[in-house]
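Following: one structure in structure tokens, then a few remarks.
Coordinate-derived values only; no laboratory data. Keep in mind it's a predicted model, so treat the numbers as computed, not measured. Positions of Cβ are backbone-derived with ideal geometry, glycine not excepted, and every protein chain shown enters the neighbour counts.
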Amino acid sequence: GAMILDDAGDLLWYSPLESTLAEHNDFRAQEYRGEPVLTMWEGVSEVGTGFGHFLLLNGSYEAVARLQVGNGYHGADLHECLLTPNGTALIVVYNPIRWEMSAAGTAVEGTALDGIIQELDIETGRVVWEWHSLDHIALDEAYGDQPDSLDVPWDYLHLNSIEADDHGDLILSARHTHAIYKVERTSGRVLWRLNGKLSDFEMGPNTPFKFQHDARVHANGELTLFDKAESNQDLGGEVQSRCLVLMLDEDAKTATLVREYTHPTEILSVSQGNMQVLPNGNLFIGWGSAPVFSEHDADGNLIFNGRFPQGANSYRAYRYPWVGTPGALPDVAIESGLGDDLTVFASWNGATEVVTWEVLAGAGPDEMTVIGSTARTGFETSIGVQTAEPQLSVQALDAEGNVLGTSDPIMLGE
């Protein structure tokens, strides 16, 4: 499920899935109609692609929009949901179709996965623009062999990120061609290829990459990406993934390495992953198939390192400012001790501004008084109190002492 952590790495919000078959991906903060929202994909995935939909949540974690693909396709892929200032979203769709495979060296008809980009109007769900990879990128740009069975769809491209530049054209990352493409919005044609078999750029020293994710353009002309470098996990220890900052000269068609970032433990991530340039110049990295997320300063020094439990990983990881004010009330639980001793457990899923918890007790809802308080110490805070009153509740306070929310009272002894 999706989760938000605070600066110390403690859980703030968690959204569990109702089905063990489903998953959340590409969970991040964006802006819609001038307001901050959380966006995330929800669906089922298989062999690196998925079928599902996207959710937009407001600061109270209520759904303000649900994005479904248009034009009759089965579902949105998990890799990208990029909101635009025009009230639209750019998403990826995969569609298997019968295709002439001669361009890939097989003179028979087979099945190829068409990488589709749809731009959806968020309010209406209408498709306002659509692009198809098979119309513009040939099968023979792919690295690796097509499936032995012609009935198994060949994911020859594997689109995994979309970015709009200042002119509205799109920057696309394709894992299986080791290339980044600039696509003209008005015509759909490919304006240039970076890296891969047909690169239009002269790749400078240490700039070539493989199996990349998350290509992003920046106002200063730099392009960043997550270079996985390998797809074979057995090469861990020999090869490591890295984050690249490249300067592109689109006139001279040259790519120059500006900086690269690696993890001190020489992580090799063979799938997923992203890099985010923070406003202060630091870099936040999600290491994909490796269960690690880290922050580095501009010189590459590791200043924060987080790790998921064994067996878990995250498609991407981000760091954003976020203020959550849940629509639900705080939760409270109690554990009885000797006599009137109680341990009270207070939590509020998604509340980001809680600094202090207070415990209230009384004969009824209108007769509650504060009998104890403590600073918030994590997702669930324990508070030791003594009371013989029949009802108890907790209330959350912000840094100025304002009450943010109060739980429903619970009856003691029940």
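Spatially, the stretch 7-82 and the stretch 364-414 are offset by 33 Å when compared through their Cα centroids. A value for P(r) over Cα pairs in 20 Å bins from 0, in percent was derived from the coordinates, and within the list [x] 28, 53, 19, 0; [y] 26, 61, 13, 0; [z] 24, 50, 21, 6, 0 it appears as [z].
Over all Cα atoms in the stretch 331-411, the spread is summed up by Rg and Dmax: 11.8, 35 Å.
Volume per residue for the stretch 46-88 equals 94 cubic angstrom (convex hull of Cα atoms). Over all other residues within a Cβ to Cβ distance under 12 Å of Ala396, the charged ones net out to -3, with Lys and Arg as +1 and Asp and Glu as -1.
For the stretch 1-89, applying the loop criterion from DSSP together with a ceiling of 12 other beta carbons within 10 Å to the GluC sites (Glu not before Pro) yields Glu18, Glu62. From the largest down, the stretch 255-411 spans 72, 32, 24 angstrom on the principal axes of its Cα atoms. For the stretch 267-281, putting each phi into the Karplus relation 6.51 cos²θ - 1.76 cosθ + 1.60 with θ = phi - 60° gives couplings of 5, 10, 10, 9, 8, 6, x, 7, 9, 10, 7, 7, x, 8, x Hz, in residue order, rounded to whole numbers and with x for Gly and Pro. Around the amide H of Asn95, modelled in the peptide plane, lie the amide H atoms of Asp114, Ile116, all under 5 Å away and 5 or more residues distant in sequence or on another chain.
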